[in-house]
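The values are calculated or read from the model by the stated rules, or taken from the named source; none is laboratory data. This structure is a prediction, so every number in the text was calculated from the model and none was measured. When we count neighbours, we look across all protein chains shown, and the Cβ atoms used for this are built from the backbone with ideal geometry, even at glycine. For accessibility, only protein heavy atoms count, side chains too; no ligands or nucleic acids. Shrake-Rupley method; radii C 1.70, N 1.55, O 1.52, S 1.80 Å.
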Amino acid sequence: MDIMKQGKILIIDDNEDLLKAARIYLKRHFGQIDLEKDPTLIPDLLQNDAYDVILLDMNFTQDVNSGQEGFHWLDKILEIDPSAVVVLITAFGSVDLAVKAIKAGASDFVMKPWENEQLLATLLSSIRLRSSKEELKLMKDREDTLTQDLDHKFKEIIGQSGSMIQVFDTIDRVASTDANVLVLGENGTGKELIARSIHRNSTRAEKPFISVDLGAISENLFESELFGHVRGSFTDAKTDRAGRFEIANGGTLFLDEIGNLSLPLQAKLLTAVQNRKVNRVGSNKTIDVDIRLICATNMPLYEMVQKGEFRQDLLYRINTIELKLPALRERIEDIPLLAKHYLKDYAKKYNKDIYKFSEATLKRLEKYSWPGNVRELQHAVERAVIMSRDNILQPEDFFFNNNQPVRDKDDINLEQFNLEDVERILIRKVLAKHNGNITHAAQELGLTRSSLYRRLEKYGL
């Protein structure tokens, strides 16, 4: 009977003897019994605590038997907390009054003097109703959140470079645990995709994955967004709402851009992460949460700790496992693989008969520095597919950020003295110098035109 032992009951009646008798009997069965003779204090009581059941007298001293006071306070309670479970009590009950009370929003109706066993059964049934209401509300909040998240399409992780193989290995070893994970990497490297992969491969895979962009949450809405709120706790709080911690219960909570939090918000987050408990804004009721925490940032947290901009205790709490994602320029061999993947997707999406990149295009993509990483590559391919009139994507189909220099493969460390690299570099530089004129380039290189053509073919230039 844990549901009873943990239950909170509020009884409002102007009969002090009845209140005392109810407490003596009910305190053996429920965790908390609060009594109140003055109904005008109801708003303050509900502001300070959350009750599973409210037993409300229908007839106070000002109103002997009409029940109008009871209906007035029933409306007030439901205005404050629409999910409240209210059981009305009266010594002058009737079938008509009972039906009217139920229609007005009461959950049940009892007459006094009551039989203890009947009262206990009514309260237990009402507590179960309250639990069902809360569960349905949580499911609705969770469904709304997941529906919003589904608007963001995430592809499978693509990569075969050595650095990505290391990432896959870390995911394999970490996913089955409940260890907190900190994912580090530049914008556009796929930090949320990695977090989702960890979740999908964990024991929590059937539970929700809830993502929060901390960089997009204003300071005054931080607690409401993460911990939830009760109706009336602030101006726009029209209804009770579960926060992301509560919605993610049993699953994974992904906090992106954690480096953007101010120190006061870091302290509030640390408390919730340490205790795995939250309080909705405007409520003193503590809610236990069971989550797997994954955080991500593109900011230098360790440097921020040294400067006093990020809490060291919070950093230690969130980085049980640290996973560093490489920038796209650090895994050049994955660029053609990613580009071809996005080409296939967008050609299908936009019904375009485009099936490949020219070799020159792929080499151009490999040379670019991709400051926006995989996300920038994805958007570049999408735009090229939309704008191209050909069935093969050419270099001119791509428009690169002019403020970001193209990474020149010719700028290599010549201390390596690789003969083929040196020859390729010289040919490229001389061709560029003569604006692609083969005759002039061959003359400066001391080659025949046919020899230069063979080398151009060899190096894919």
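Annotations
- Residues in region 395-426 that are modelled with pLDDT of 80 or more and assigned to a loop (DSSP other than H, G, I, E, B) were compared, and the one that is most open to solvent (accessible area, probe 1.4 Å) is Phe399.
- Scope region 309-351; condition closer than 22 Å to Asn298 by Cβ and without any contact (Cβ under 8 Å) to a residue 12 or more places away in the chain; matching residues: Gln312, Tyr316
- Restricting attention to region 195-217 and to residues that are farther than 11 Å from Thr252 by Cα, open to solvent by 10 Å² or more (accessible area, probe 1.4 Å) and not small (Gly, Ala, Ser), the residue that is nearest to the chain's Cα centre (by Cα) turns out to be Asp213.
- Only listed residue being open to solvent by 60 Å² or more (accessible area, probe 1.4 Å), in a helix (DSSP H, G or I) and either in contact with a Gly (Cβ under 8 Å, 6 or more places away or on another chain) or in contact (Cβ under 8 Å) with a residue 24 or more places away in the chain (or both), chosen from Asp178, Asp172: Asp172
- The set of residues in region 191-211 that are under 25 Å from Pro326 (Cβ atoms) and in contact (Cβ under 8 Å) with a residue 40 or more places away in the chain comprises Lys191, Glu192, Ile194, Ala195, Arg196, Ser197, Ile198, His199, Ser202, Phe209, Ser211.
- Selected residue (criterion: modelled with the lowest pLDDT) from residues of region 147-167 that are open to solvent by less than 60 Å² (accessible area, probe 1.4 Å) and of a type in the set (A, V, I, L, M, F, W, C): Ile157
- Members of region 343-377 that are part of a helix (DSSP H, G or I), open to solvent by less than 20 Å² (accessible area, probe 1.4 Å), of a type outside the set (A, V, I, L, M) and more than 15 Å from Asn391 (Cα to Cα): Asn373
- Residue that is at pLDDT 80 or above and farther than 30 Å from Gly190 by Cα, where the choices are Lys363, Lys429: Lys429
- Selected residue [of a type in the set (A, V, I, L, M, F, W, C), open to solvent by 50 Å² or more (accessible area, probe 1.4 Å), assigned to a helix (DSSP H, G or I) and closer than 21 Å to Gly185 by Cα] from Leu337, Leu315: Leu337
- For region 433-458, the set of residues classified as closer than 17 Å to Ala360 by Cβ, open to solvent by 50 Å² or more (accessible area, probe 1.4 Å) and touching a helix residue (DSSP H, G or I) at 6+ places or on another chain (Cβ under 9 Å) consists of Tyr453, Arg455, Lys458, listed by residue number.
- Residues of region 110-130 that are free of Cβ contacts under 8 Å to residues at least 24 places away in the same chain and within 17 Å of Ser83 (Cα to Cα): Ser125 alone.
- Of the set (1) assigned to a helix (DSSP H, G or I); (2) surrounded by 20 or more Cβ atoms within 10 Å (Cβ to Cβ), all apply to Glu192 but (2).
- Asn373 being modelled with pLDDT of 90 or more and either in contact with a strand residue (DSSP E or B) (Cβ under 6 Å, 6 or more places away or on another chain) or of a type in the set (S, T, N, Q) (or both): yes
- Restricted to region 231-249, and to residues there that are open to solvent by less than 20 Å² (accessible area, probe 1.4 Å) and out of contact with any helix residue (DSSP H, G or I) (no Cβ under 7 Å at 6 or more places or on another chain), the residue that is nearest to Pro82 (Cα to Cα) is Ala237.
- Test result for Ala339, of a type in the set (Gly, Ala, Ser) and in contact with a strand residue (DSSP E or B) (Cβ under 7 Å, 6 or more places away or on another chain): yes
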